1. Tell me, Tyr176, Tyr198, Tyr397 in order of fewest to most beta-carbon neighbours within 10 Å?
2. Give me Thr106, Thr522 ranked fewest to most by other Cβ atoms within 10 Å of their Cβ, as a rough exposure proxy.
3. Counting C-alpha atoms alone, how compact is region 428-580: give Rg to one decimal and Dmax as a whole number, in angstrom.
4. Can you give the helix-only mean residue ellipticity at 222 nm for the chain, where every DSSP H stretch with n ≥ 4 adds -39500 (n - 2.57) and the sum goes over all residues, rounded to the nearest 500 deg cm²/dmol?
5. Name the long-range amide H neighbours of Leu219: under 5 Å, sequence gap of 5 or more, or other chain; modelled H, no Pro or chain starts.
6. What distance in nm lies between label points placed 7 Å from Cα along the C-beta direction at Glu427 and Glu493?
7. Within 10 Å, count the other beta carbons around each residue, average over each peptide in 505-516, 199-210, 428-439, and list them highest first.
8. With no solvent and one point on each alpha carbon, what is the Debye value of log10 I(q)/I(0) for region 1-106 at q = 0.14, 0.16, 0.17, 0.22 Å⁻¹?
Amino acid sequence: MAINILPEDVVRRIAAGEVIERPVSVVKELIENSLDAGATRIEIRIEAGGIEGITVIDNGCGIQKEDIPKLLNRHSTSKIKNEADLYSISTLGFRGEALYSIASVTKLRIRTRAKGEAEGTELISENGRILINSVSAPVGTTVEATGLFHNTPARRKFLKSPSSEFVRIADVVARYVLAYPKISFELINNGKTVFHSYGGGSEDPIIAIWGARVAAQMLPIDYRSEKICVSGFISAPSLSRSTRKDITIFVNGRLIKDSSITLAIEKAFENILKPGRYPIAIVKIQIRPSDVDVNVHPNKREVRFANPNEVFSIVKATCEKALRMHRPLMRPDSSPTQHDSLANSHDDIQCLEKNLELSDNFLTHDNLQKNIEGLFKIPLQPIHIKQGEVIEFLNTYLVFEDSGELAIVDFHNLHERILFEEMNEAEKPCEKMVVSQKLIFPETFALPPDLAEAIEDNFDFITRMGFDVEPFGNGAFILRAVPHFVKESSAAELLIDILRATLDENFDKSQPFDFRKRFKITTACKSAIKAGTKLKPEEIQFLLRHATDARFMNCPHGRPTIIKLDRSFFDSRFKRKSNI
Ligand code: ADP
Ligand code: MG
């Protein structure tokens, strides 16, 4: 692939230039270059959120020695040559601007050796000075960009903290990992591997990014015609999110945003998901290069289809078909399926994990109740109360008749107690840990020294409670999984809140400091359903199963979970003689 500098007439037709806004823009461009070079292994190393360093190492075709001097010129590319090529772009890059732009805001070092060449080349660029040397290097390319915006302090000031820049990088890398299952990606942050996919095939990356439980609830989508192919995965109806952020769209290998395709996916879930709930989706569209214009957006984040309505209909129909084929599993009255039988085997933690509800809506799945019973190892009382006979009072209390008494349950208090007991059980070394759910995108966060120390001192305990959290120096942590009962949306924030409350000196002055007990109490309190919530029928059923258990009479703070009023209470108030 010889590199040429694009002629003026082509340059004029290219959508206005590449902008490096933040570290993730550099990472995205370098990954795309590695993919265009045919790499099967891409390693991404990040230092200080990419502000200090971004290194992308690939085993692609490498850059020929004679092309190196042209590499950092604006509009130097091996991917297109003339205007006609603009209408059939099959590579991710085509403007020859990324390396030029990156070199203008970082110190850049490129080491490469092209296939078939005996020796490699190193190019070092700093403040407009370029040095080129021969070096020994494996076939492939390593690009190292350090000191982002070192020469423009005003732009550097606009960057966020290293951990929040890293979160953006991890988010984008994860989407590429999902879209390129045959390619092995490794993302390393400050020397630690954050995730690693092995390039083994279609489900491998879903497991690497989302964990086995989400993978078990993803449905493959597949449509093929001469003009267009659609592939990827969408979530089963049992799994949904409160935002669209987990809808990922790739067109001809390019990560894009497209409101019309997003809508097509959402439409397929109409009447399946409640309003305000969105699927997880990774939808990959392959279309003839001549039927899509990729040259419409400066950062190549949008495309224009020659026939957008057709693409809309095909994507919608493809998703609908996958959902239709899945539907028999979801019908509550269907005969036992593999799904159901797995859910009944409580002893097998893997089955349990597979079937746990992962929706960030708490307790929406019947299986969850069965699983929690399994975890508790207590026979729960059969519930005699019929759905219609329970009154939700003020969205705070459940009121029902129980064996001749009027029972009033404070559902937040009760749920708090249930979660607290689950954690008490899990604390015993001979018992199973709290089942955790993997976060789709691990969250990095920094802690002040007292909170950081608390995690480090109680690491094994916090892990048993279902939090997969790992320190990586300087008060920074990565959170990979949380207990199954925690809402995913603000997982790291929740953990920080829990730690703060646990260490709060006003916690309960009457009791000696006990980190574990306080941690369990605050986790239960912050995760339990809040008063004022409209409960779903299955949530009511779940809570009521525990309402009659003697262990659950008080919440961990000591407040009652249930009050029972017997006949004498009413008789005396109504001035009725008893038993009349
Ligand atoms: P573009 O990708 O639009 O062509 P870039 O500035 O990103 O522009 O890259 C310029 C050229 O450098 C590419 O066309 C390609 O020939 C070469 N190149 C860049 N990165 C790599 C890589 N990782 N492996 C092989 N060649 C590369
Ligand atoms: Mg490029």
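1. On the way: Tyr176 25, Tyr198 15, Tyr397 18.
In order of increasing Cβ crowding within 10 Å: Tyr198, Tyr397, Tyr176.
2. Working: Thr106 25, Thr522 21.
Ascending number of Cβ neighbours within 10 Å: Thr522, Thr106.
3. 20.2, 73
4. Using -39500 (n - 2.57) per qualifying helix, the result is -10000 deg cm²/dmol.
5. Ile234, Ser235, Ala236
6. Result: 2.8 nm between the two label points.
7. Descending mean neighbour count gives 199-210, 428-439, 505-516.
8. -0.56, -0.73, -0.83, -1.32
Just so you know, all these numbers are worked out from the coordinates, no wet-lab data involved. Nothing here was measured: the structure is a model prediction, and the numbers come from that model. Here the Cβ is made from the backbone with ideal geometry for all residues, glycine too, and neighbour counts use every protein chain on show.
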